[in-house]
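We did not get these values from a lab; they are worked out from the coordinates using the rules stated. Here the structure is a predicted model, which means the values were calculated and not measured. Counting neighbours? That spans all protein chains shown, and the Cβs are built from the backbone with ideal geometry, glycine included.
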Amino acid sequence: MLSDTIGLYGQRARDSLARFIARIVPNPNHLTLVGLCINVLAAFLFGFGWFMTAGFVLILAGAFDILDGAVARLTSRTTKFGAFFDSVMDRYSDLAIFIGIMVFYARDTPRHSTLYVALTGIALIGSVMISYTRARAESLIPKCKVGFLERPERLVLLIIGSMTEVPWLESNYFLHKMPAVIWLLAVLSHWTVVHRMYHTWKEVLPQEEEFRPLPENGPVRDEPADPSFQTPAPFYVFSGRRK
């Protein structure tokens, strides 16, 4: 398959680059910090409206996001804290990027738009909730990686939207698609959150049914009537009167 061949050569290229970087920066946590700084730079570029340049910077940031894990594996430095640290820095990176876009649309420029400030804020909340729902769900079930819009997909959409913002070309159908990307991020991020909630509910429900505690007095069931129990006789039997 063509995709398998591309993936194989891509993995070889990544590992070769990771070996080279490991000689210079052997600690993968340092690479994670560098990636955060690059994302903050991209956020500043978004804030000033330099979208295309920010797109190139996001590509570089994405490369560091891939390489820190590869360096950790090659240098046998994969640790639980490293995974936790990488996840926290990713959240800061996401927040910085969305805040930068919000600043751009909030500024007093011809492209000022309160609508897109709000939509970017909704996308920001969705990106945080995607990570939170997975972390919370995986405290209940083994895995919760369902849903379309994980971080790599969000990054790709932002890069595509940024690359279409060519400042010297205005009237072109295929350009200036960042607003459309923001709509997609705002909608699909929360769709992914709902998908993960539904998936977790489906996985947890059988467990709850299986381990549901019994009532304190045992299971409710129909008991046979006690033969020693006699219905009280009518009053007229004791009074000697006939009916």
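Key figures
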read-out	value
Alpha carbon convex hull of the range 39-119, projected area averaged over orientations, nm²	5.7 nm²
The range 116-128 - phi-based ³J(HN,Hα) in whole Hz, Karplus 6.51/-1.76/1.60, Gly and Pro as x	6, 4, 5, 5, 5, x, 5, 5, 4, 4, x, 5, 5
FRET efficiency, 1/(1 + (r/R0)^6) with R0 22 Å, evaluated for residue 156 and residue 201 via beta carbons	0.15
Exposure proxy order (Cβ contacts within 10 Å, fewest to most) of 122, 101	122, 101
Assigned charges on the beta-carbon of Lys, Arg, Asp, Glu; the range 1-83 dipole about Cα centre (debye)	280 debye
Cβ-derived FRET efficiency at R0 35 Å, residue 108 paired with residue 135, nearest 0.05	0.35
Peptide ranges 103-116, 142-155 listed from the most packed, as the mean C-beta count within 10 angstrom indicates	142-155, 103-116
